[in-house]
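*Asks:* Here's a structure for you.
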Amino acid sequence: MNLNAAVIGWGKSGQGAAGALLARHWRVSAFASRATDALSFDDVADVPVHVEEDAGVLVSAVVDARPDLVVVSPGIPAHHPIFTACQDAGIDLWGEVE
């Protein structure tokens, strides 16, 4: 399986989602809006973490990465532009719980 996922938010939930995807042989990249998010908790091995404070630039980076799936952590607000961008780009989007 050569599927790529982007995890938005790198707290406990985002790292948990990344670990679950890695266990299922997905390739995972993480995107965080604060440098402290990228350094928090225990980093999951082999997951690059991209930090970008500007939401528009972060969204562009995610869409440009062309993931098959975007997983959004619970701390990401419902008005974040990632939701519309994924819909417009035809990228599947799940909440971390899914």
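The values are calculated or read from the model by the stated rules, or taken from the named source; none is laboratory data. Source: prediction; values computed, not measured. Cβ sites come from the backbone with ideal geometry, for glycine too, and all protein chains shown count toward neighbours.
*Asks:* Considering each residue of the stretch 1-30, count those that are surrounded by 17 or more Cβ atoms within 10 Å (Cβ to Cβ), at pLDDT 90 or above and either assigned to a loop (DSSP other than H, G, I, E, B) or at positive phi (or both), and give that number.
*Replies:* Adding up the residues that qualify gives 2.
*Asks:* Name the pairs: first residue in the stretch 72-95 and assigned to a strand (DSSP E or B), second residue of a type outside the set (A, V, I, L, M), Cβ to Cβ under 7 Å, at least 6 apart or on different chains?
*Replies:* Matching pairs, first to second residue: 72/9; 72/95; 72/96; 92/68; 93/83; 93/86.
*Asks:* If you don't mind, another one. Inspect all residues belonging to the stretch 66-83 and state whether any of them is hydroxyl-bearing (Ser, Thr, Tyr) and under 13 Å from the mean Cα position of the chain (by Cα).
*Replies:* The initial filter retains those residues of the stretch 66-83 that are hydroxyl-bearing (Ser, Thr, Tyr), namely 73.
If we keep only those that are under 13 Å from the mean Cα position of the chain (by Cα) too, we end up with 73.
So far as the stretch 66-83 goes, yes, one or more of its residues are hydroxyl-bearing (Ser, Thr, Tyr) and under 13 Å from the mean Cα position of the chain (by Cα).
*Asks:* What are the residues in the stretch 70-94 that are out of contact with any helix residue (DSSP H, G or I) (no Cβ under 9 Å at 6 or more places or on another chain) and under 16 Å from residue 11 (Cα atoms), if any?
*Replies:* The answer is 77, and nothing else.
*Asks:* When both residues are 6+ apart or on different chains and their Cβ atoms are under 8 Å apart, which pairs have a first residue that lies in the stretch 11-32 and is within 20 Å of residue 80 (Cα to Cα) and in contact (Cβ under 8 Å) with a residue 60 or more places away in the chain, and a second that is in a strand (DSSP E or B) and not aromatic (Phe, Trp, Tyr)?
*Replies:* Listed pairs, sorted by first residue: 14/7; 14/8; 14/30; 14/32; 14/71; 17/7; 17/71.
*Asks:* Moving on to the next point. Kindly indicate whether residue 33 is at pLDDT below 90, within 12 Å of the chain's Cα centre (by Cα) and among the hydroxyl-bearing types (Ser, Thr, Tyr).
*Replies:* Yes.
*Asks:* Out of all the residues in the stretch 81-95, which are more than 14 Å from residue 4 (Cα to Cα) and either in contact with a Cys (Cβ under 8 Å, 6 or more places away or on another chain) or modelled with pLDDT under 95 (or both)?
*Replies:* Listed by number, the list holds a single entry, 95.
*Asks:* Which of the residues that make up the stretch 36-71 are among the hydrophobic types (A, V, I, L, M, F, W, C), in a helix (DSSP H, G or I) and modelled with pLDDT of 95 or more?
*Replies:* Across the stretch 36-71, the qualifying residues are 57, 58, 59, 61, 62, 63.
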